[in-house]
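S.K.: Have a look at this one before I ask anything.
The values are calculated or read from the model by the stated rules, or taken from the named source; none is laboratory data. What you are looking at is a predicted structure, and each value in this text was computed from that prediction instead of being measured. All Cβ positions, even for glycine, are placed from backbone atoms using ideal geometry, and neighbour counts span all protein chains on display. Heads up: the accessible areas ignore ligands, DNA and RNA and are worked out on the full protein's heavy atoms, side chains in. Shrake-Rupley method; radii C 1.70, N 1.55, O 1.52, S 1.80 Å.
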Amino acid sequence: MVAAETMGGMHSGHSEDLPGHVSNPGSDFMVDVLKAANIEYVAMMTSSALRGLQESIAYYGKNKAPELIICPHEEIAVGVAHGYAKMAGKPMACMVHSTVGLMHASMAIYNAWCDRVPLMVIGGNTADATKRRQGVEWIHTAVDQAAMVRDFVKFDDFPGSLQHFAESFMRAQALSMTPPMEPVLILADGELQEVPAEDPKSLKIPKMVEVSPPEGDARSVAKAAAILLAAKNPVIVVDRSARTAEGVGLLIKLAEALNAPVVDQCGRMNMPTTHYLNHTWLKAKLLRSADVILALEVGDLWGVVNTISDTPGRPSKRVAKPDVRVISISTNHLYSKSNYGDIQRYQEAELTMAADAQATMPSLIEAIRKGTTAAQATAIAARKQPMQADFLAMRNAARDAAALGWDASPISTARLSQEIWAQIKNDKWSLVSDPFYVSYWQHRLWDISEYKQFIGGSGGYGLGYGLSAAVGAALACKSEGRIAINIQPDGDLLMVPSALWTLAHHKIPLLTLMHNNRAWHQETMHLQRMGTRRDRNAESWREGTLIEEPFVDYAMMAKSMGVWAEGPISDPALLGPAIKRALAVVRSGLPALLDVVTQPR
Amino acid sequence: MNLLKKVSCAALLGIFSQVVAAADSGHDLYMKRGCYQCHGTVGQGSIAGPNLLPKLMPYAAFAIYVRTPANQMPPFSEKVLSDAELRSVHAYLASLPASPAADSISLLPKAGGK
């Protein structure tokens with residue numbers, strides 16, 4: 001009944017309205033565009049507003065490059081594209097249904113935007129109001145559909161012709177891939193998809209282009225080199241500095257040219273954890289004594305130089321010396337939008353280069369090498385041995401810390417981490433989850449040395465990124481036989497549990513180990529602060545932050561969607577053998593999940 | 001409530017000492033008052049709070065710290081955690097078995113061994 005009122009003409013019984021056959025629909029051409037743009041996968045939640053395009057991908061495009069990756073939620077589809085892009089080094093597309101689908105997708109687009117990740121969002125809309133069937137189709141169209149996400153996409157368009165679609169798609173992809181990389185949105189008009197392409201011979205698909213990223217100018221680079229060479233305690237801080245494996249190699253060369261310690265904020269895999277100049281866990285001490293700070297693609301420069309305390313009155317204080325010389329090289333200086341706080345508090349730098357750090361490093365290294373005096377070379381060389389000693393002490397301190405609570409139940413996050421490491425360290429692997437929630441043990445203890453062994457975090461801290469992005473990253477790992485490891489917070493999984501179905505449906509090998517602390521633990525701590533600071537109840541945090549009564553059975557959840565699973569496991573002695581069984585499943589090309597009951601952090 | 005619990009625990013445990021009972025309720029308090037959230041259930045520490053073991057602060061210093069933390073830890077007044085309760089939290093931590101040394105754990109290889 002409802003359907004007859006709202007689903008449009010299909011139920012109206014006017015047989016004379018039935019259309020005839022359509023050959024050469026516009027959406028076939030759209031598939032040609034996707035192919036020309038080298039789009040390998042399209043993650044999507046099936047959508048009537050994109051039915052023409054979906055049918056064309058499946059039939060005309062033979063569901064191959066692009067292949068549809070079916071997701072039960074638009075937020076998952078975008079999250080998959082987010083994780084994929086970071087592992088594959090190129091964007092994939094995701095198709096999200098009209099108004100409501102884009103609304104579902106918006107949080108995930110925001111994550112990708114904050115994380116500087118390229119992806120192509122394709123939405124559906126119908127511009128010509130006379131072509132919309134009554135009811136749902138009206139509700140699922142908008143005058144300016146992109147408006148709802150315009151603050152966090154770099155570019156959007158609603159092409160009015162197929163030629164326009166081809167040009168806009170290619171422009172959008174080039175913009176998306178130009179640092180700072182960001183998501184983009186193209187709306188595919190319903191009529192344009194479904195009516196035959198007019199004059200198909202006249203249509204031209206522009207070639208895909210690679211835009212060279214902006215490099216720091218020679219004068220600024222020379223000045224930066226001079227400042228760094230004059231420094232006694234230079235510190236390099238990196239966040240999303242490496243875009244490719246080459247970026248890791250360059251950072252090593254730069255750090256070695258100065259024997260300067262590197263503090264990695266882990267937005268990407270920037271600096272090998274095995275390198276004697278990776279001093280990430282000595283950050284506080286280093287920043288206090290630094291005379292020069294070189295910040296490479298650091299999103300929050302203020303937070304490097306200062307800190308603000310989560311205590312009443314929110315007092316802030318400077319961490320760095322008052323006369324520290326700060327150099328910032330980042331494409332963030334080239335692009336900003338005012339509405340969302342991703343821009344962070346303003347911090348001036350003595351030398352600011354609106355440039356891509358990776359692209360600028362070769363000339364900076366060269367300028368340092370050429371400009372090093374004999375005295376400077378001696379001073380730099382003298383730093384090596386103390387740097388090595390500090391590095392070893394840092395790594396061994398982490399090891400001692402990891403031993404604490406080793407046999408505890410719930411299982412310590414350090415133990416969880418090392419039980420995995422022991423079984424994958426000789427494989428080709430990648431950590432595709434955010435180590436923030438598990439006390440960064442992997443970065444403190446594992447040998448992470450290749451770019452693809454780590455992909456950073458969510459960017460926007462929007463829950464639901466974790467599993468979705470892990471699916472996408474694992475999809476990109478599949479073709480190269482890399483084992484993707486996802487340490488999965490329970491709260492995040494509860495946002496997007498149906499991503500498990502996508503894993504099973506597409507046979508994507510991903511090893512998921514639940515970091516099941518049975519809480520939205522970040523909030524548990526926030527609520528604890530509230531009750532205690534108000535000096536009235538140190539137990540009110542239980543209300544609304546614990547995932548108990550009942551506990552969620554994640555193994556049963558995974559199995560219900562076709563994913564091999566075991567658990568809950570809370571005895572640390574049982575974990576190693578369970579990981580072995582799960583890895584056997586993953587090595588056979590299928591996903592596996594272990595529900596591990598863990599310490600909170 | 002706590003007193004009742006201690007008493008009943010002590011009664012149940014019969015010949016076992018008060019210390020055991022105190023340690024038991026200390027664990028309860030350590031969990032309920034949320035110390036575990038940042039310091040871990042056995043005081044091992046995490047990214048959110050330092051380890052409290054193996055070098056447990058002597059009670060006097062421990063109490064001063066919990067009442068007037070130096071930094072971002074929220075202060076626990078006597079109103080939300082009495083002196084007696086804080087003592088049993090301390091006793092709980094003191095009662096925990098030592099963690100194994102890193103050198104005895106094969107899954108924790110020494111750095112620089114490569």
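S.K.: Nearest-5 percent of antiparallel DSSP beta bridges in the protein assembly as shown?
M.R.: Looking only at bridges with both residues in the protein assembly as shown, the antiparallel portion is about 10 percent.
S.K.: Shifting gears a bit: If you bin the C-alpha pair distances of the range A:429-521 every 5 Å from 0, what whole percents do you get?
M.R.: The calculated distribution, bin by bin, is 3, 14, 26, 26, 19, 10, 2, 0.
S.K.: At a 1.4 Å probe radius, carbon and sulfur cover how many percent of the accessible area of chain A?
M.R.: 55
S.K.: Against the empirical 2.2 N^0.38 Å scaling, what ratio does the C-alpha Rg of the range B:62-114 come to?
M.R.: 1.76
S.K.: Turning to a different aspect of this structure: Estimate the FRET efficiency between A:Arg369 and A:Arg133 by the formula 1/(1 + (r/R0)^6), using the beta-carbon distance for r and 60 Å for R0, to the nearest 0.05.
M.R.: Calculated transfer efficiency: 0.35.
S.K.: Specify the longest stretch of chain A that does not include any exposed loop site, a site being one of the GluC sites (Glu not before Pro) with a non-H, G, I, E, B DSSP assignment and at most 16 other Cβ atoms within 10 Å.
M.R.: By the stated rule (loop sites, at most 16 other Cβ atoms within 10 Å), A:1-197.
S.K.: Now a separate question. How big is the dipole moment of the range A:495-595 about its Cα centre under a simple scheme where the beta carbon of each Lys and Arg is +1, that of each Asp and Glu is -1, and everything else is neutral? Debye, nearest 20, please.
M.R.: Here the size comes out at about 340 debye.
S.K.: Spelling out what I want: for every residue of the range A:525-532, take phi, set θ = phi - 60°, compute 6.51 cos²θ - 1.76 cosθ + 1.60 (Karplus), and round to whole Hz; glycine and proline get x.
M.R.: 5, 4, 5, 4, 4, 4, x, 6
S.K.: Each residue of the range A:122-128 in turn: what ³J(HN,Hα) in whole Hz from Karplus with 6.51, -1.76, 1.60 and θ = phi - 60°, glycine and Pro shown as x?
M.R.: 10, x, x, 6, 10, 5, 7
S.K.: So, for the protein assembly as shown, what is the accessible surface per residue at a probe of 1.4 Å, expressed in square angstrom?
M.R.: Heavy-atom accessible area per residue stands at 43 Å².
S.K.: Same structure, new question: Rg over Rh of the range A:289-342, using C-alpha atoms and the Kirkwood radius, what does it come to?
M.R.: Reported Rg/Rh, Kirkwood definition of Rh: 1.03.
S.K.: Give the Rg/Rh ratio for the range A:537-579, taking Rg as the radius of gyration of the Cα atoms and Rh as the Kirkwood radius, to two decimals.
M.R.: Ratio value, two decimals: 1.15.
S.K.: Also, quick follow-up: Which of the residues in the range A:572-601 show a loss of at least 50 Å² in accessible area from their chain by itself to the complete set of protein chains, at a probe of 1.4 Å?
M.R.: A:Gln599
S.K.: Under the definition of Cα pairs under 8 Å and six or more residues apart, what whole-number percent is the relative contact order of chain A?
M.R.: Over chain A, the number comes to 14 percent.
S.K.: Beta carbons within 10 angstrom, averaged per residue: use that to sort the peptides A:173-180, A:200-207, highest first.
M.R.: A:173-180, A:200-207
S.K.: Could you work out [θ]222 nm for chain A from helices alone, using -39500 (n - 2.57) per DSSP H run of at least four and dividing by all its residues? Round to the nearest 500 deg cm²/dmol.
M.R.: -12000 deg cm²/dmol
S.K.: Could you state how much accessible area is buried at the A-B interface, both sides summed, with a 1.4 Å probe, in Å² to the nearest 100?
M.R.: Summed over both sides, the interface buries about 3400 Å².
S.K.: Any idea what log10 I(q)/I(0) is at q = 0.09 Å⁻¹ for chain A, Debye with uniform C-alpha scatterers and no solvent?
M.R.: Debye intensities relative to I(0), on a log10 scale: -0.77.
S.K.: Given H placed on each backbone N at 1.01 Å, which residues far from A:Val596 in sequence or on other chains put an amide H within less than 5 Å of it?
M.R.: Hits under the 5 Å cutoff: A:Met514, A:Asn516, A:Ile569.
S.K.: Taking the mean number of other Cβ atoms within 10 Å as a proxy for protection, how do you rank B:88-98, B:68-78 from highest to lowest?
M.R.: B:88-98, B:68-78
S.K.: With the Cα gyration tensor of the range A:404-597 in hand, convert its eigenvalues to equivalent ellipsoid semi-axes via √(5λ) and list them largest first in whole Å.
M.R.: Working from the Cα gyration tensor, I get semi-axes of 28, 18, 17 Å.
S.K.: Please report, in whole Å³, the volume per residue of the convex hull around the C-alpha atoms of the range A:2-202.
M.R.: Convex hull volume per residue, Cα atoms: 113 Å³.
S.K.: Here's a follow-up. Collect residues whose amide H, placed 1.01 Å from N in the peptide plane, falls under 5 Å from the amide H of A:Tyr41; neighbours closer than 5 in sequence don't count.
M.R.: Correct list: A:Glu67, A:Ala93.
S.K.: Next up: Mind listing the Cα extents of the range A:218-384 along all three principal axes, in Å, largest one first?
M.R.: 51, 31, 30
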